[in-house]
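Structure, as structure tokens:
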Amino acid sequence: MTAQTPAAGRTGDLTRRSAADLAAALRAGEVTSVEVTQAHLDRIAAVDGAVHAFLHVSADDALATARDVDARRAAGEDLHPLAGVPIAVKDVVVTKGLPTTAGSKILEGWVPPYDATLVERLRAAGMPILGKTNMDEFAMGSSTEHSAYGNTHNPWDLDRIPGGSGGGSAAAVASFQAPLAIGTDTGGSIRQPGAVTGTVGVKPTYGGVSRYGLIALASSLDQAGPVTRTVLDSALLHEVIGGHDPRDSTSLTDPLPDLVAAARAGQGGDLTGVRVGIVDELNGEGYQEGVRARFDESIALLAAAGAEVVHVSCPHFDYALAAYYLILPSEASSNLAKFDGMRFGLRVVPTEGSITAERVMGATRGQGFGDEVKRRIILGTYALSAGYYDAYYGSAQKVRTLIQQDFAAAFEQVDVLVSPTAPTTAFRLGEKLDDPIAMYLNDIATIPANLAGIPGMSVPNGVSDDGLPVGFQILAPARADDRLYRVGAALEALLEKQWGGPLLDRAPELVAGHEPTHALQTEGTPR
Amino acid sequence: MSTATTTLVDYDEAVARFDPVIGIEVHVELGTRSKMFCSAPTEFGAEPNTQVTPVSLGLPGALPVLNRTAVESAIKIGLALNCQIAEVCRFARKNYFYPDVPKNFQTSQYDEPIAFDGYLDVDLEDGTVVRVEIERAHMEEDAGKNTHVGGATGRIHGAEYSLVDYNRAGIPLVEIVTRPITGLGDRAPEVARAYVQALRDIFRALDVSEARMERGNVRADVNLSLRATPESPLGTRTETKNVNSFRSIERAVRYEVSRQAAVLDAGGTVIQETRHWHEDTGTTTSGRVKSDAEDYRYFPEPDLVPVAPSREWVEEIRATLPESPPIRRRRLQAEWGYADAEMRDVVNAGAVELIEATIVAGAAATAARKWWMGELARTANTEGVELAELPVTPEQIGELQRLVDSGRINDKLARQVLAGVLAGEGSPAEVVASRGLEVVSDDGALLAAVDEALAAQPDIAAKVRGGNLGPVGAIIGAVMKATRGQADAGRVRELVLERIAQD
């Protein structure tokens, strides 16, 4: 499994290791956080020219944290289990002293004066922040092509999209530039990039991770979560960032379930007594053949491991996408109103005519926002307008309730629901840029969880016939995030046993200094 | 701004021919220590943009958290206005772009107010009581404050630039909306004023706001329409915004009655619009017409959870509510035995609490009123301050009156003692001691003074001895003078007469 790693000695190894392994090595004194952090900074320098996962690399800040952690460890201080393990943070998360743009020109140059709660928790745990990752502008998109700062490339095939909106975080983790990353998921922005890059992505229960300091897209749907290469790493990171925050009114007060224990339990590969429901509406037509084949094989593995597999129907999921594209733009149109050039970020002063606050706001928003953002602001403004509210926003909220009821009924029969994460593997850059509806359909399987506020996970479950990775989605009832980890870790263990190692070992190497090559159809494609 | 050309109908004539209907929206700033949705402090008059957090500046990523004390204050207000308190209610976003609204939406309650369906009985000066029905009281946040610099008028037009101070942004407000108030006839202006005054008194009694009109703690929007008869359907209304003194409320209603009557008399129609109030001219001018009204695109605020005050909490709050100001006033008037006019003067002078405390400190009700509405009112008036701001406490006035009642000082001396107290010389007893102002009640000392006076004025002494008591006052006066007013004049008279009888 290390054959593809350049012979860069210890440093090369470090970027290939999981966060759990790195944490153990740091605790054992085998490596220092400065070494681990520097290895990742070197990797970023080597490959991010080709991938473009990062919008900002905060090397000084990361190394300062690493040195501090090393000194505290040397002094015998009791540190957090992940202390010294570096992380990348999606640029929609506010970071004090580090530029935060949400992928938009309208925030170019803005340096926030405060930290998001989850960033405070990362810092408190002593986790060096490597930088801020690329994303679709204001998290609107499924390909990261809507970033105002250029595409991110899929490490499996640099001509392809890395998913979105969190393509930067997924690509950074998939290309070993960071062992861990933070994503946010409003309709699938953690899980769909996870599926198309062969990484693990978790959208926690709504309210499970504080939204304080996430630049809001749709307040009732947004949720931050882990992007990692292993299920256990996601559990470790989820426990760092999760838990109640008094600064977020929608934050759950319940204590987090024991996620790491659930992941470790799952690694044994025994799912006896676990009831798994296949959502009929999230399979079949519109799903790529290879995606369906990998899904069926994964189901067979779960059944062989003792899971009781049944089919369930969630009839209202057919309306989920339509409801989502009314609720999201409505909330977004209001959330994005604050970007007006008055207090922070870009300010465009009209060169002709009178200079009034209204005209400055108009010019700033006209030049600062990209087309997809404008499209959704217009859609949302329309949906909330007097006379249309009931027909659009009101109806969408009713659909939302029906979807919640579908889930409630389904979870009376089963412990987890499963589906393919995304209908297809990564498409080519530019392929769907002119067809918003086709782009929106990428999130067809992930959106219902956001509408219902339940947790979801995408676990890599092989590559399709095109040699590109595929994801397996697991959904659990609200507050039962631990079930994702148990089932996800079991599936991961069963698959890796078949493959003889992690899926990402099959990804083509990105050789520093070389022009990126297309993904090769690997022989012995994991099935 | 065509106020000069606006024709008006004489007010009395207008109300003789039209039936005015009013509706009032009052905003009160709550006196909470922190803002509605964040921990920023709320101190008045701080340096611009120092009382802010990422939340009240509307920075990306910031989220609101509701201030529990603000909710409690809103419930208090709702209960004091005899409202129902919602079991569950939500906040909404009112979307509009303006630089003083940091998020470009105001977080406000829309169709789910915390309090609704109440009433307030308002006392008019002549003792008439008018019931004002309250439609709703809801919570919202205040906007920042714009200062337009460089123009002649201080308004946005003609200004070179504008400054925004976000210290006020996010201060909690409660807005109280009446139902249309009908059947008032020519008393509409008086009722409008009395209603807002009554609210101000309630805010203070509840201790939810300092309720200082001059600071904009309480702001009123006055709706007014005219109709031909009380049986006619409601006419088209105008809404005069930001009328911020009691007197202006009364004037604004009068002005709109006269203006709308003129419009209707001329065969015109009243336009549904907001109107600006001009304090200097006592007039209103056209603002924004309803057809221009923005679509605020209200929707439930997804960053806040519904507010669900438990019934136990509401009852706890109800149990701690103070007596309502008008009921309390009626009770005190009865206890104190004041005439209606006397009580009204006491209320208008802001002396109710002062007199109450003075009585508790041992003074009779009549004496307490005499001090506060007499000597002290004159002093306050001269100095241009409120009664409560005088450097004397009700306890000191009570002590002063006890000194009078016990005969240790007389009324004339009491005024000197009070002057000493106001001058910071200490408590009444201390002033009596330090200035040596006690009544001379030692007969020996007085007799010596009497003998002296009789000896000094032998002619008068002779007349009195002759049975002519007329000039006795001259002798008494001389004794009082000799004792620097510290003698009890009645006792002096007795002693003079006794002395003469002995001769």
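The values are calculated or read from the model by the stated rules, or taken from the named source; none is laboratory data. Note that the structure is a prediction, hence the values are computed from the model and not measured. As a convention, Cβ positions derive from the backbone with ideal geometry for all residues, glycine included, and neighbour counts pool all protein chains shown.
A few points about this structure:
- For the residues A:ARG400, A:ARG428, the requirement of being under 30 Å from A:ILE299 (Cβ atoms) and within 14 Å of chain B (Cβ to nearest Cβ) singles out A:ARG400.
- Note on segment B:284-313: residues that are hydrophobic (A, V, I, L, M, F, W, C), part of a loop (DSSP other than H, G, I, E, B) and more than 10 Å from chain A (Cβ to nearest Cβ) amount to 1.
- Among the residues making up segment A:404-453, a single one is in a loop (DSSP other than H, G, I, E, B), within 17 Å of the chain's Cα centre (by Cα) and more than 19 Å from A:ASP136 (Cβ to Cβ): A:GLY453.
- Checklist (1) basic (Lys, Arg); (2) within 14 Å of chain A (Cβ to nearest Cβ); (3) farther than 21 Å from B:ASN146 by Cβ applied to B:ARG33, failing item: (2)
- Just so you know, in segment B:167-197 the residues that are in a helix (DSSP H, G or I) and charged (D, E, K, R) include one that is surrounded by the fewest Cβ atoms within 10 Å (Cβ to Cβ), and it is B:ASP186.
- So A:THR381, is it over 30 Å from A:ILE106 (Cβ atoms) and either surrounded by 15 or more Cβ atoms within 10 Å (Cβ to Cβ) or within 14 Å of chain B (Cβ to nearest Cβ) (or both): no
- Selection count where residues are in a helix (DSSP H, G or I) and either surrounded by fewer than 19 Cβ atoms within 10 Å (Cβ to Cβ) or at positive phi (or both), scope segment A:282-298: 5
- Test: residue in segment B:230-238 that is assigned to a strand (DSSP E or B), assigned by TED's automatic domain parsing to the domain that holds B:HIS138 and either free of Cβ contacts under 8 Å to residues at least 60 places away in the same chain or surrounded by fewer than 20 Cβ atoms within 10 Å (Cβ to Cβ) (or both): yes
Residue-wise test of (1) under 24 Å from the mean Cα position of the chain (by Cα); (2) assigned by TED's automatic domain parsing to the domain that holds B:VAL270; (3) among the hydroxyl-bearing types (Ser, Thr, Tyr); (4) at pLDDT 95 or above.
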residue: B:MET1; (1), (2), (3), (4): no, no, no, no
residue: B:TYR11; (1), (2), (3), (4): no, yes, yes, yes
residue: B:PHE18; (1), (2), (3), (4): no, yes, no, yes
residue: B:GLY23; (1), (2), (3), (4): yes, yes, no, yes
residue: B:VAL26; (1), (2), (3), (4): yes, yes, no, yes
residue: B:LEU30; (1), (2), (3), (4): yes, yes, no, yes
residue: B:GLU43; (1), (2), (3), (4): yes, yes, no, no
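- Those helices (runs of 4 or more DSSP H) lying entirely in segment B:394-459 with at least 1 residues surrounded by 13 or more Cβ atoms within 10 Å (Cβ to Cβ) and under 38 Å from the mean Cα position of the chain (by Cα): B:394-405, B:411-422, B:428-435
- Condition met for B:ARG200 (assigned by TED's automatic domain parsing to the domain that holds B:TYR110, more than 30 Å from B:ALA261 (Cα to Cα) and either outside any strand (DSSP E or B) or modelled with pLDDT of 95 or more (or both)): yes
- Yes/no for B:VAL177 being β-branched (Val, Ile, Thr), closer than 28 Å to B:ALA228 by Cβ and either touching a strand residue (DSSP E or B) at 6+ places or on another chain (Cβ under 6 Å) or modelled with pLDDT of 95 or more (or both): yes
- Residue match in segment A:247-254 (condition: more than 14 Å from chain B (Cβ to nearest Cβ), hydroxyl-bearing (Ser, Thr, Tyr) and part of a loop (DSSP other than H, G, I, E, B)): no
- Within segment B:62-113, restricting attention to residues that are among the small types (Gly, Ala, Ser) and either within 14 Å of chain A (Cβ to nearest Cβ) or under 27 Å from the mean Cα position of the chain (by Cα) (or both), the residue that is nearest to B:LEU321 (Cα to Cα) is B:ALA80.
- Residue among A:GLU331, A:GLU372 that is among the charged types (D, E, K, R) and surrounded by fewer than 21 Cβ atoms within 10 Å (Cβ to Cβ): A:GLU372
- Where a residue in segment A:216-229 is more than 14 Å from chain B (Cβ to nearest Cβ) and of a type in the set (Ser, Thr, Tyr) and its partner, wherever it lies, is buried (at least 24 other Cβ atoms within 10 Å of the Cβ) and assigned to a loop (DSSP other than H, G, I, E, B), with Cβ under 7 Å and at least six apart: A:THR228/A:THR199
- Screening segment A:107-143 for residues that are among the acidic types (Asp, Glu) and surrounded by fewer than 24 Cβ atoms within 10 Å (Cβ to Cβ) and picking the one that is nearest to the other protein chains (Cβ to nearest Cβ) gives A:ASP115.
- Scanning segment A:385-407 for residues that are without any contact (Cβ under 8 Å) to a residue 24 or more places away in the chain and among the hydrophobic types (A, V, I, L, M, F, W, C) yields A:ALA386, A:ALA391.
- Any chance A:GLY141 is in a strand (DSSP E or B), on the phi > 0 side of the Ramachandran plot and not polar (S, T, N, Q): no
- Candidates are the residues of segment B:132-166 that are out of contact with any Gly (no Cβ under 6 Å at 6 or more places or on another chain), closer than 30 Å to B:GLU301 by Cα and of a type in the set (A, V, I, L, M); the one that is surrounded by the most Cβ atoms within 10 Å (Cβ to Cβ) is B:MET139.
- Residue within segment A:241-251 that is within 22 Å of the chain's Cα centre (by Cα) and aliphatic (A, V, I, L, M) present: yes
- Listed conditions (1) more than 14 Å from every other protein chain (Cβ to nearest Cβ); (2) farther than 30 Å from B:THR182 by Cβ; (3) not aliphatic (A, V, I, L, M) are all met by B:ASP19, apart from (2).
- If the condition is being among the polar types (S, T, N, Q) and either over 15 Å from A:ALA489 (Cα atoms) or free of Cβ contacts under 8 Å to residues at least 24 places away in the same chain (or both), then segment A:298-325 contributes only A:SER313.
- For segment A:94-105, the set of residues classified as under 25 Å from A:ARG72 (Cβ atoms) and within 12 Å of chain B (Cβ to nearest Cβ) consists of A:THR95, A:LYS96, listed by residue number.
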